[in-house]
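A quick write-up on the structure given underneath.
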Amino acid sequence: MNTSWSPSSWQSRTALQMPIYPNENELQSALHRLAGLPPLVTSWEIETLRERLAEAASGNAFLLQGGDCTESIDECSTDGVVRQIKVLMQMSLVLMQASLKRVVRVARIAGQYAKPRSNDTETRNGVTLPVYRGDIINRSPFTPEDRQPNPELLLKGYERAALTLNFIRALCVGGFADLHHPENWDLDFCKDSQIARQFHQLVDSIVESLRFMETVTGKAQSETRSAEVFTSHEGLHLPYEQAQTRQVPRREGWYNLSTHLPWIGYRTAQLDGAHIEYFRGICNPVGCKIGADTKPDYLLKLLEILNPHRIPGKMLLIHRFGHQKIQDYLPPLVRVVQGAGHPVLWVADPMHGNTVSSPAGYKTRRFEDITSELLQAFDIHQQLDSHLGGVHLELTGDNVTECTGGARGLAETDLHRAYKTLVDPRLNYEQAMEIAFLIAQRLKQNRPSADTAH
Ligand code: PEP
Ligand code: CO
């Protein structure tokens with residue numbers, strides 16, 4: 001591997017999943033403007049996240065990473081952002097209460113706009129057009145105008161990401177995130193559901209304990225009045241990522257300042273490819289998706305390239321095998337990483353290996369397949385003396401019908417009612433909370449017992 005790196009050195013490698021822009025000058029003009037705009041996140045936030053992820057890797061915290069498969073520029077709305085943050089806050093509270101550990105919240109938000117696709121084109125009724133690659137590249141309606149890659153969308157996506165992040169920051173330091181008032185996190189449409197009732201019972205007991213502590217100590221618990229939420233997206237569209245890759249005063253190295261945690265998708269993780277070349281040079285913590293095609297010797301080389309100095313909290317391995325494959329494919333990968341002594345944070349993505357088609361042609365996922373992979377992941381890591389430190393989920397605070405199953409027993413014939421995703425099916429609010437309670441149960445088994453705490 002060539003050791004000289006720059007934000008543009010990826011350009012000498014093969015970059016998969018790139019759109020073909022009709023006009024190179026227009027693309028360069030958009031990128032030039034993007035490179036001059038202020039960053040979305042800061043290096044010190046990124047470093048804080050890295051420290052938190054190091055805690056998760058060593059078992060002292062747990063990562064909750066979740067959000068849309070792909071964000072929509074048109075649906076960047078007050079309600080959409082609020083619901084997404086609310087569901088993450090509610091889930092994290094359930095996990096914290098069960099594990100007695102910090103939960104690191106990372107949203108797939110404020111930049112999750114570029115999608116890898118299996119084919120370059122899509123054909124409908126004999127008409128072939130470029131495939132939809134995410135709102136930062138082209139648009140989803142099946143017309144030649146919409147499907148034409150448009151570099152102005154890079155700027156539009158960046159602006160929507162900035163609006164989204166600005167709002168999240170305001171929510172998280174204001175009364176919204178105050179643990180004394182978790183009623184602020186309620187979602188309007190689900191007050192009466194069984195899962196919401198379960199959540200409210202938990203919240204009542206937390207608020208009571210908090211008040212008790214404040215009475216006893218005579219001090220307000222100020223740390224409970226704001227919340228940390230970090231952002232992440234797939235670092236797929238390298239020209240966009242490059243334009244936001246900067247050096248900052250008084251720190252060495254380069255930071256991708258478009259998001260705290262960029263990750264490498266499953267389809268673009270070739271050792272000699274452009275994406276790995278780009279990612280090896282940035283200081284952000286970096287996720288990489290791995291799956292049934294990932295070979296142990298490849299994985300070791302990948303870790304040596306992406307985290308040669310073995311910095312704790314730097315490297316996340318996000319595994320997505322499918323519920324029928326994880327048992328066979330995960331153990332050899334865990335063993336080889338253990339053997340090499342690489343510090344990685346293992347994260348389970350139980351979504352992307354479990355996608356199926358419904359008879360009516362909807363891309364869907366079964367709740368029981370998702371939970372099966374997730375629980376197997378916990379078990380396998382435990383059996384191998386390894387440690388599952390987080391989960392990566394596609395979910396929404398919206399009341400959608402995209403995944404089947406869950407407490408309400410959503411059937412394949414229900415999918416059409418509110419199937420809104422532009423690419424992959426997401427857990428809806430209730431399904432997401434149900435998973436949070438399930439993970440909580442699992443984390444509770446591992447928490448320090450009262451007997452050993454003193
Ligand atoms: C995703 O996370 O939306 C995705 C495309 O995943 P993967 O790269 O694992 O297929
Ligand atoms: Co997806």
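Points to keep in mind about this one:
- In region 368-380, the residues that are open to solvent by less than 10 Å² (accessible area, probe 1.4 Å) reach residues that are basic (K, R) and in a helix (DSSP H, G or I) with C-beta atoms within less than 9 angstrom, at least six apart or across chains, in these pairs: L374/R442.
- Residue within region 240-263 that is basic (K, R), under 30 Å from W5 (Cα atoms) and within 16 Å of ligand 1 (Cβ to nearest atom) present: no
- When E183 is tested against (1) at pLDDT below 80; (2) surrounded by 14 or more Cβ atoms within 10 Å (Cβ to Cβ), just one condition goes unmet, and that condition is (2).
- Restricting R147, R108 to those that are among the basic types (K, R) and within 16 Å of ligand 2 (Cβ to nearest atom) reduces the list to R108.
- Among the criteria (1) without any contact (Cβ under 8 Å) to a residue 40 or more places away in the chain; (2) in contact with a Ser or Thr (Cβ under 7 Å, 6 or more places away or on another chain), the one A110 does not fulfil is (1).
- Pick from region 43-70, criterion in contact with a strand residue (DSSP E or B) (Cβ under 6 Å, 6 or more places away or on another chain) and under 13 Å from P343 (Cα atoms), ranking: farthest from ligand 1 (Cβ to nearest atom): E55
- In the condition set (1) open to solvent by less than 10 Å² (accessible area, probe 1.4 Å); (2) part of a loop (DSSP other than H, G, I, E, B); (3) closer than 29 Å to Q11 by Cα, G322 is compliant with all but (3).
- Among the residues of region 32-48, those that are open to solvent by 50 Å² or more (accessible area, probe 1.4 Å) and part of a loop (DSSP other than H, G, I, E, B) comprise L37, P38, P39.
- Pairs, first assigned to a helix (DSSP H, G or I) in region 145-161, second β-branched (V, I, T) and open to solvent by less than 20 Å² (accessible area, probe 1.4 Å), C-beta under 7 Å, six or more apart: L153/I136; L153/I137; L154/I136; K156/I73; G157/I73; G157/I136; R160/I73
- Some residue of region 304-317 being among the basic types (K, R) and in a loop (DSSP other than H, G, I, E, B): yes
- Members of region 110-138 found to be crowded, with 24+ Cβ neighbours inside 10 Å, over 13 Å from W263 (Cβ atoms) and within 13 Å of ligand 1 (Cβ to nearest atom), listed by number: Y113, R133, G134
- Of all residues in region 371-399, those satisfying the criterion of being touching a helix residue (DSSP H, G or I) at 6+ places or on another chain (Cβ under 9 Å) and within 16 Å of ligand 1 (Cβ to nearest atom) are E373, L374, A377, G390, V391, L393, L395, T396.
- Of the residues making up region 290-303, those that are in a loop (DSSP other than H, G, I, E, B), within 16 Å of ligand 1 (Cβ to nearest atom) and either within 17 Å of W5 (Cβ to Cβ) or open to solvent by 10 Å² or more (accessible area, probe 1.4 Å) (or both) number 3.
Residues checked against (1) open to solvent by 10 Å² or more (accessible area, probe 1.4 Å); (2) assigned to a strand (DSSP E or B):
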residue	(1), (2)
L393	no, yes
A407	yes, no
D424	yes, no
A440	no, no
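- Count of region 426-438 residues which are assigned to a helix (DSSP H, G or I) and under 16 Å from the mean Cα position of the chain (by Cα): 3
- Restricting region 232-289 to residues that are assigned to a loop (DSSP other than H, G, I, E, B) and of a type in the set (G, A, S), the residue that is nearest to ligand 2 (Cβ to nearest atom): G265
- Any chance H387 is within 21 Å of the chain's Cα centre (by Cα), touching a residue at least 40 places away in the same chain (Cβ under 8 Å), closer than 24 Å to L53 by Cβ and open to solvent by 60 Å² or more (accessible area, probe 1.4 Å): yes
- Selection count where residues are outside any helix (DSSP H, G or I), within 13 Å of the chain's Cα centre (by Cα) and either surrounded by fewer than 24 Cβ atoms within 10 Å (Cβ to Cβ) or within 16 Å of ligand 1 (Cβ to nearest atom) (or both), scope region 74-109: 5
- In region 49-62, residue nearest to D385 (Cα to Cα) [restricted to those that are part of a helix (DSSP H, G or I) and small (G, A, S)]: A57
The values are calculated or read from the model by the stated rules, or taken from the named source; none is laboratory data. None of these values were measured; they are calculated from a predicted model. Quick reminder, even Gly has a Cβ in these numbers, built from the backbone with ideal geometry, and neighbours come from all protein chains shown. Please note that ligands, DNA and RNA were not included when accessible areas were found on the heavy atoms of the full protein model with its side chains. Shrake-Rupley method; radii C 1.70, N 1.55, O 1.52, S 1.80 Å.
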